[in-house]
1. For the stretch 51-158, state what percent of all Cα-Cα pairs lands in each successive 5 Å bin, counting from 0 Å until the bin that includes the largest distance.
2. The list (1) 56, 48, 35; (2) 87, 38, 35; (3) 72, 42, 41 gives values of Cα extents along the principal axes in Å, and only one came from this structure; which label was calculated from it?
3. Sorted by accessible area (1.4 Å probe), largest first, how do Glu82, Glu289 line up?
4. Determine the dipole magnitude for the chain: charges of +1 sit on the beta-carbon of Lys and Arg, -1 on that of Asp and Glu, nothing else is charged, the reference point is the Cα centre, and the result goes in debye to the nearest 20.
5. Can you send over the solvent-accessible area of Ile121, 1.4 Å probe, protein chains only, in Å² to the nearest 10?
6. Just want the answer: with Cβ charges of +1 for Lys and Arg and -1 for Asp and Glu, which residue in Ile69, Thr55, Leu34 is farthest toward the dipole's positive end in the stretch 14-86?
7. Under a 5 Å amide H to amide H cut-off, with H placed in plane at 1.01 Å, what residues pair with His155 once short-range neighbours are removed?
8. When a/c is below 1.5 the answer is rounded, else prolate if a/b is larger than b/c, else oblate, so apply that to the stretch 202-254 with a ≥ b ≥ c taken from the square roots of the Cα gyration tensor eigenvalues.
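The values are calculated or read from the model by the stated rules, or taken from the named source; none is laboratory data. On a predicted model such as this, the values are computed, not experimentally measured, just so you know. Cβ atoms come from the backbone with ideal geometry, glycine included; neighbour counts cover every protein chain shown. Accessible surface areas use protein heavy atoms only, side chains included; no ligands, DNA or RNA. Shrake-Rupley method; radii C 1.70, N 1.55, O 1.52, S 1.80 Å.
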Amino acid sequence: MLRNIIIASLLTVAQTAAAQSRVFYVKEISPQSLLRLYKAVGRKAEGRVAVKISTGEAGGHHYLQPQLIAPLVDEVNGTIVECNTAYPGSRNTSEAHWQTIHRHGFDSIAAVDIMDEQGDIRIPVRDKRHIKYNIVGSHLPYYDFMINLAHFKGHAMGGFGGVLKNASIGVASSAGKAYIHTAGYTADVDSVWQHVERQDAFLEAMAAAAQSVHEYFGNGTRIIYINVMNNLSVDCDCDSSPEAPQLRDMGIMASTDPVALDQACLDMVFRHKDTEGNTAQPLIQRIREKHGTHTVDYAERIGLGSKKYIITEIE
């Protein structure tokens, strides 16, 4: 009997450990650290590799800098990919977007592709509570593998932006962005902002869209997720005049599980011990007022990943 109890206990421990996703962390934010972290994940990017970033709205300066990401993009022979926005600005048309890409220097380090420049396509979604399909850039099928390279920070509508937002809103075409923001009400860019009152539905639509992209890339076997936690403003890179960060840079995290990764970053922010000139409170307030953590909760509920994780720190 004792032996059976011991065996059962060991089995429970093993099952618990198996349910936890691995998240890799490096404190230093540098090109070398980013490359080292990618290699630590242990999933080699092969074939035609898309590196999904935000190219940043003109006027803003918190987006991931070309010199930071260049060695990683070069290592995987990647193409930097983006889609146009659904709001007026410096990236809502391909012509304006190309000017912003050039101004920010991304075309000087690698090939760049605006994936919805020639239109969009629909890909399946498993969770159809709000959206019946995901509308993404028509160039998405050009790629065999994706590195979801996100800048973790606040966001005026989602509360925060990490890899889940980068996979959903980021990969969606202009029409797809409208469709997600309105939780399936419309894909009309001209009327999107008149139908964004259902906040939790929007957050859930983001999770469903992120899951569709995850499943598109071999049910997650051909995708890696990275969050760079620098320039931690309450505002997104889509803001041309973001608030200055009040929280100091925290490092870089990576995983093959987007839910675990965004949750680990949220936990680091919420557990931060404030000191003079280094406070997480504005970012925490932004996340709470927009119910931002609901995106991660719902993503776990629909089976995209697990909020349970183990962190492995890379020297």
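1. Histogram of Cα-Cα distances, whole percents per bin: 2, 11, 20, 23, 21, 14, 6, 2, 0.
2. It is the value labelled (3).
3. Values: Glu82 10, Glu289 110 Å².
My answer, sorted largest first, is Glu289, Glu82.
4. Details: 30 positive and 35 negative charges, 226 e Å.
Result for the chain is approximately 1080 debye, rounded to the nearest 20.
5. Ile121 has an accessible surface of roughly 50 Å² with all protein chains in place.
6. Of the options given, the answer is Leu34.
7. For His155, the qualifying residues are Phe160, Gly161.
8. Details: a/c = 3.35, a/b = 1.73, b/c = 1.94.
Since a/c reaches 1.5 but b/c is at least a/b, the shape of the stretch 202-254 is classed as oblate.
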